Amino acid sequence: MPKVTLPDGSSRQFDHPVSVFDVAKDIGPGLAKAAIAGRVNGQLVDISYQIDGDVDLGIVTPASDEGLEVIRHSTAHLLAQAVKQLFPTAQVTIGPVIEDGFFYDFAYERTFTPEDMEAIEKRMNELAKEDIPVVRSEKSRDEAIGFFKDMGEDYKAEIIGDIPSQEILSFYQQGDFIDLCRGPHVPETGRLKAFKLTKLAGAYWRGDSNNEMLQRIYGTSWANKKDLKQYLHRIEEAEKRDHRKLGKALDLFHIQEEAPGMIFWHDRGWQLNLTIQDYMRGQLRDHGYREINTPQIVDRSLWEKSGHWDKFQDMMFTTGSENREFAVKPMNCPCHILVYNQGLKSYRDLPLRLAEFGSCHRNEPSGTLHGLMRVRNFVQDDAHIFCTEDQIQAEVSSFIDLVFKVYKDFGFEDVIVTLSTRPEQRVGEDALWDKAEDALKLSLDNKQLDWILQPGDGAFYGPKIDFSLKDCLGRVWQCGTMQVDFSMPGRLGAQYIAEDGSKQVPVMLHRAILGSIERFIGILTEQYEGKFPVWLAPVQAVILNITDKQANYAEKIEKMLKNQQIRVISDLRNEKIGYKIREHTLKRIPYMIVVGDREMEGSTITVRDLGGKDLGVMQIDDFISLVNEQSGQ
């Protein structure tokens with residue numbers, strides 16, 4: 001007689017085997033209508049799954065993350081069924097769930113077109129409305145191989161051929177379509193009510209460029225039409241805010257094949273970069289950091305001693321000279337230890353905070369490169385704090401304050417904090433890990449922060465805190481980090497003289513706030529849609545003359561403003577003032593200064609902001625004060 005225990009601790013007793021659906025129906029008709037799967041003793045199952053013993057059971061509905069995953073996996077099968085009906089000679093391969101959606105790869109003799117996509121999506125909607133039952137079955141591996149070969153599905157047969165021979169495989173069939181899958185799936189296609197195909201792409205079979213190219217169809221699927229509409233709106237907004245498009249439109253940067261994954265900064269983009277670095281330098285000075293600069297190319301032996309050669313060799317650019325092998329640095333930490341090692345250090349010298357805007361190179365695969373977000377050459381706002389074990393908590397606490405101040409100044413208030421603890425493979429005594437983890441926890445708790453524990457996700461050398469920003473579209477970007485390192489200082493010979501005269505190895509805290517400055521600029525560009533706050537804007541104001549008569553006056557104002565460190569340009573072209581205003585509005589310049597005869601005679605200016613608001617006639621000193629106030633000066 002099965003006893004079913006529910007997540008709230010209540011239980012239900014049955015005098016015969018029951019399905020997950022039966023239990024949901026016993027709880028209530030509303031839950032039975034919503035149920036699409038179950039979780040039995042921690043394992044996801046179909047709602048048709050039979051329970052014949054005592055179990056813990058959770059009912060999965062579309063409102064949960066697990067429910068969304070079931071819906072998306074089922075929609076991938078719906079896509080494959082539609083493709084097979086419309087293009088019978090197409091072969092199916094794999095169709096996994098991904099973030100916010102799914103994809104399915106197909107082998108077909110010609111390239112799918114946007115018109116094909118429309119036809120496929122239309123057929124998917126028709127199949128969903130037919131409310132076709134989805135039925136699970138099982139086959140042996142060898143039986144499954146023969147089954148798919150007979151169907152002409154050679155790719156699917158090859159996938160199954162890699163599975164151990166003793167495995168029993170599960171299949172899901174809906175009407176005339178059957179596919180290999182672990183499941184679970186929705187019970188009927190009618191449960192799939194809110195989906196859309198989003199794009200076409202190429203994909204090599206099994207991700208190997210030596211194999212044939214397949215066609216990948218991406219889609220998204222949600223619990224209801226409202227969620228789908230909100231998602232599509234977010235995607236539309238993301239496309240409008242794409243930093244690659246804005247980078248070109250605002251003349252910030254470009255990338256080209258002669259230097260893949262590396263940025264050609266234009267004057268306005270470089271000004272933005274420098275403004276960010278200058279701001280960070282001020283924060284570093286206020287918090288006791290010493291800025292250093294270390295070489296770009298360092299002998300292989302250093303990377304071997306630090307452990308990076310074994311772990312990151314494939315990601316490192318190398319070169320040689322005079323029978324020596326060098327690596328272009330992929331990170332800054334070993335070089336910072338070499339700076340620390342110059343001169344004998346005492347416990348009185350600690351904590352020692354060394355910071356660098358370090359240019360790093362990593363040989364990222366070309367397929368992963370993405371504008372400013374994933375590059376091969378980037379600058380980190382990197383720093384390493386050398387301290388004693390007893391100083392960890394205080395240093396972490398101070399760093400947390402700095403992180404939140406910086407993020408707030410850049411306009412980010414929603415910060416997600418995670419604590420990652422010791423992994424199975426690690427270095428250092430457990431007592432030392434206990435001390436480091438306790439220090440990090442105490443620092444977070446003392447700040448009364450909500451934080452998420454990620455057990456086992458720490459680095460092999462120590463635990464870490466990560467700081468992620470949530471942007472205006474709800475996307476999460478991991479930027480800041482504080483990592484405790486017990487290993488590398490000792491490997492590279494770092495020491496200090498303790499109070500008792502003994503030689504000790506310092507703890508090394510790896511920390512960054514922005515992370516990659518390139519990536520952070522990409523995040524900022526999309527967050528503000530290129531409409532940067534006045535203090536960040538590469539050009540803060542543009543002076544526009546109405547006629548040539550005001551050209552000299554405009555140049556005089558430009559000089560005055562530049563003398564006050566305001567980033568200003570003049571547009572003295574013989575164009576209509578409305579045309580010039582529209583053009584510079586598209587360039588996202590915060591203030592437009594218009595000068596005509598009236599302004600020239602009164603030694604004033606007329607100011608208009610980026611939103612189109614007329615701020616009226618101003619004295620030049622008043623405008624300088626306005627910009628300084630907006631810039632936090």
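Once whole DSSP H runs in the chain are found, which of them have Cα atoms spread over 24 Å or more along the helix axis and a mean Kyte-Doolittle score of at least 0.0?
392-409
Straight-distance candidates among the aspartates and glutamates for linking to Lys199, with alpha-carbon spacing under 18 Å and chain neighbours fewer than 8 residues away dropped: Glu99, Asp100, Asp105, Glu115, Asp116, Glu118, Glu121, Glu236, Glu237, Glu239, Asp242. Reducing the stretch 430-488 and the stretch 73-99 to their Cα centroids gives an inter-centroid distance of 40 Å.
Close amide-amide hydrogen proximity is noted between Ile543 and Ile569, Ser570, Asp571, Ile593, each under 5 Å apart and 5 or more residues distant or on a separate chain (H modeled in the peptide plane; Pro and chain starts excluded).
Taking 27 Å as the straight-line reach from the Cα of Lys503, the lysines in range (excluding those fewer than 8 positions away in the same chain) are Lys305, Lys345, Lys435, Lys464. Pairs exceeding a 23 Å alpha-carbon distance, out of Lys156/Lys196; Lys408/Lys447; Lys240/Lys531: Lys156/Lys196. For the pair Gln296 and Ile416, a Förster radius of 41 Å applied to the C-beta separation gives a FRET efficiency near 0.75, rounded to the nearest 0.05. Accessible surface computed residue by residue for the stretch 392-473, with neighbouring protein chains in place and a 1.4 Å probe, gives 47 Å² per residue. Summary of packing: across the peptides 36-44, 236-244, the per-residue average of other C-beta atoms within 10 Å ranks them, highest first, as 36-44, 236-244. Sorting the segments 104-112, 392-400 by their mean number of nearby beta carbons within 10 angstrom, highest to lowest, gives 392-400, 104-112. Shape verdict for the chain, please, from the Cα gyration tensor: rounded (a/c under 1.5), prolate (a/b greater than b/c) or oblate. Oblate, because a/c is 1.5 or more while a/b does not exceed b/c. Could you list, in their original order, any pairs among Lys25/Lys470; Lys245/Lys441; Lys405/Lys562; Lys229/Lys470; Lys441/Lys470 whose Cα atoms are separated by more than 32 Å? Over 32 Å Cα-Cα: Lys25/Lys470; Lys245/Lys441. Report, in whole Å, the centroid distance computed from the Cα atoms of the stretch 372-412 and the stretch 1-42. Using only Cα atoms, the two centres lie 48 Å from each other.
Cut-off under 22 Å on the C-alpha distance; same-chain residues fewer than 8 positions from Lys559 excluded. Which lysines are left, in chain and number order? Reachable lysines: Lys549, Lys580, Lys587.
In this view, the solvent-accessible surface of Thr585, computed with a 1.4 Å probe and all protein chains in place, comes to about 50 Å². Computed extension length for Ser397-Lys562: 55.4 nm, one decimal, from 0.36 nm per residue of separation with the Cα-Cα distance subtracted.
Test of the criteria: in the stretch 266-351, which GluC sites (Glu not before Pro) are in a DSSP loop and have at most 16 other Cβ atoms within 10 angstrom of their Cβ?
Glu322
Taking a ≥ b ≥ c as the square roots of the Cα gyration tensor eigenvalues, the stretch 1-67 comes out prolate, since a/c reaches at least 1.5 and a/b is larger than b/c.
Using a probe of 1.4 Å on the protein chains alone, the accessible area found for Lys311 is around 130 Å². For Ser502, the accessible surface of its heavy atoms amounts to roughly 40 Å² (probe 1.4 Å, protein chains only, rounded to the nearest 10). Counting 0.36 nm for each residue step from Asn363 to Arg475 and taking away their Cα separation leaves a gain of 37.7 nm. Each Lys or Arg adds one and each Asp or Glu takes one away; over the other residues whose Cβ falls under 14 Å from the Cβ of Asn446, this sums to -3.
What the stretch 196-245 shows is 61 Å² of accessible area per residue, with the surface traced by a 1.4 Å probe over protein heavy atoms. Can you give me the % of accessible surface on the chain that is carbon or sulfur? Probe 1.4 Å, all protein chains present, nothing else counted. The nonpolar share, carbon plus sulfur, comes to 47 percent.
Structural descriptor for the chain: relative contact order 9 percent, calculated from alpha carbon pairs under 8 angstrom and at least 6 residues apart.
Distance from the C-alpha centroid of the stretch 232-260 to that of the stretch 601-627: 32 Å, rounded to the whole angstrom.
In Å², what does the accessible area per residue of the stretch 110-181 work out to with a 1.4 Å probe?
Per residue, the stretch 110-181 has an accessible area of 55 Å².
The packing ranking, built from the mean of other Cβ atoms within 10 Å per residue, places the peptides 512-518, 494-500 in the order 512-518, 494-500, highest first.
The values are calculated or read from the model by the stated rules, or taken from the named source; none is laboratory data. These figures come from a predicted structure and were not determined experimentally. Here Cβ is always computed from backbone atoms with ideal geometry, including for glycine, and neighbour counts include all displayed protein chains. Ligands, DNA and RNA are stripped out before the accessible areas are found, and what is left, the full protein with its side chains, is counted by its heavy atoms. Shrake-Rupley method; radii C 1.70, N 1.55, O 1.52, S 1.80 Å.
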